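Below is one structure, written out as structure tokens; the observations come after it.
The values are calculated or read from the model by the stated rules, or taken from the named source; none is laboratory data. In this text the structure is predicted, and so the values were computed from the model without any measurement. Counting neighbours? That spans all protein chains shown, and the Cβs are built from the backbone with ideal geometry, glycine included. For accessibility, only protein heavy atoms count, side chains too; no ligands or nucleic acids. Shrake-Rupley method; radii C 1.70, N 1.55, O 1.52, S 1.80 Å.
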Amino acid sequence: MADQQARLSWRDDSIPVSDQFDDPYFSIQNGLAETEHVFLDGNDLAARFADAAQAGADFHIAELGFGTGLNLLTAWRAWEQAQEGCAAPSVLHFTSFEAFPMATQDMARALQAFPEVAPWAERFLAVWGGTGSCDLGNLRVNVITGDARVSLPEWTGKADAWFLDGFSPAKNPELWQDDLLGEVARHTAAGGSAATYTAAGFVRRGLEAAGFEVTRTPGFGRKRHMTKARLR
């Protein structure tokens, strides 16, 4: 996969669809609710964010597939809600690996569908340059562009939770290979977790082989199942 900008089509003038992978960036039913169910609930982030706030500790999320930034904004909103009343708010670190970054104007257009996160989208888009890093005080973002099969092994960080949000394994198999899932495990902190919307058998087996305890749970909307994983 080359490092280049995302090519998009639009469904119902509001849902971006990747021309590279012929797959929508989020659920046509409710992308925000999908993110909350799969990635926040799948990683038990409400409780873990509350624990981090009480301890004054930072938290690190890593992600395969940055897309519209909806996952980031949903997590940031939950993080700030958990930090309310803290005398010295701690920092949410968010590292994402993206081969085809979306143009900022396309991100803004897609995010208009979710007024619930509009305040966070406005703050983020005001400083976001399209790639690289930005610092919003209690949120530090780093989007690493290029093929994750190359960039993730070179990354020196470790995440407390992973959002595995590549396009469908049938259409984007590069982000679901055993070697890459092994790198996800190698870059997960002790006791860390991962979650994904897919319950494909080869993905679950790849996570298990990488060292995760894997659970298949009810999915969002029309998807019967999703996958939760905890590093052994």
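Here is the figure for the range 168-182: residues that are touching a Lys or Arg at 6+ places or on another chain (Cβ under 8 Å), under 19 Å from Thr156 (Cα atoms) and open to solvent by less than 60 Å² (accessible area, probe 1.4 Å) total 1. Just one of the listed residues (Ala199, Ala190) is under 16 Å from Ser27 (Cβ atoms), open to solvent by 10 Å² or more (accessible area, probe 1.4 Å) and among the small types (Gly, Ala, Ser), and it is Ala199.
Taking the residues in the range 203-226 that are β-branched (Val, Ile, Thr) and out of contact with any Leu (no Cβ under 7 Å at 6 or more places or on another chain) as candidates, determine which candidate is least open to solvent (accessible area, probe 1.4 Å). Quick ask: steps written out before the conclusion?
Going residue by residue through the range 203-226, those that are β-branched (Val, Ile, Thr) are 203, 214-215, 217.
Filter once more, so that each one left must be out of contact with any Leu (no Cβ under 7 Å at 6 or more places or on another chain): 203, 215, 217.
Working: Val203: 0, Thr215: 70, Thr217: 24 Å².
Result: Val203.
Applying the condition of being assigned to a loop (DSSP other than H, G, I, E, B) and not aromatic (Phe, Trp, Tyr) to the range 58-74 and asking which residue is farthest from Asp23 (Cα to Cα) yields Asp58. Could you say whether any residue in the range 18-40 is surrounded by fewer than 16 Cβ atoms within 10 Å (Cβ to Cβ) and touching a helix residue (DSSP H, G or I) at 6+ places or on another chain (Cβ under 6 Å)? Looking for residues that are surrounded by fewer than 16 Cβ atoms within 10 Å (Cβ to Cβ) and touching a helix residue (DSSP H, G or I) at 6+ places or on another chain (Cβ under 6 Å), one finds none in the range 18-40, hence no.
Being closer than 21 Å to Gln5 by Cβ, modelled with pLDDT of 95 or more, open to solvent by less than 10 Å² (accessible area, probe 1.4 Å) and touching a Phe, Trp or Tyr at 6+ places or on another chain (Cβ under 9 Å) is a property that Leu164 lacks.
Would you confirm, using the coordinates I've provided, whether Phe49 is under 13 Å from the mean Cα position of the chain (by Cα) and closer than 26 Å to Ile144 by Cβ?
Answer is no for this residue.
Got at least one residue in the range 144-158 being small (Gly, Ala, Ser) and touching a helix residue (DSSP H, G or I) at 6+ places or on another chain (Cβ under 8 Å)? Yes, that holds for at least one residue.
Being assigned to a loop (DSSP other than H, G, I, E, B), touching a Lys or Arg at 6+ places or on another chain (Cβ under 6 Å) and closer than 27 Å to Phe100 by Cα is a description that does not apply to Phe26.
Of the residues in the range 86-95, not one is buried (at least 22 other Cβ atoms within 10 Å of the Cβ), of a type in the set (Ser, Thr, Tyr), modelled with pLDDT of 90 or more and not in a strand (DSSP E or B). Just one of the listed residues (Ile15, Ile61) is at pLDDT below 90 and β-branched (Val, Ile, Thr), and it is Ile15.
Which helices (runs of 4 or more DSSP H) does the range 110-226 wholly contain that include 2 or more residues that are hydrophobic (A, V, I, L, M, F, W, C) and farther than 22 Å from Val91 by Cβ? I'd like the intermediate steps shown before the answer.
Numbers: elements: 118-125, 148-154, 178-186, 201-210.
Counting at least 2 such residues, we get 148-154, 178-186, 201-210.
For the range 110-131, name all the residues that are open to solvent by less than 60 Å² (accessible area, probe 1.4 Å) and within 21 Å of Arg7 (Cβ to Cβ). Selection gives Ala110, Leu111, Ala113, Leu125, Trp128, Gly130.
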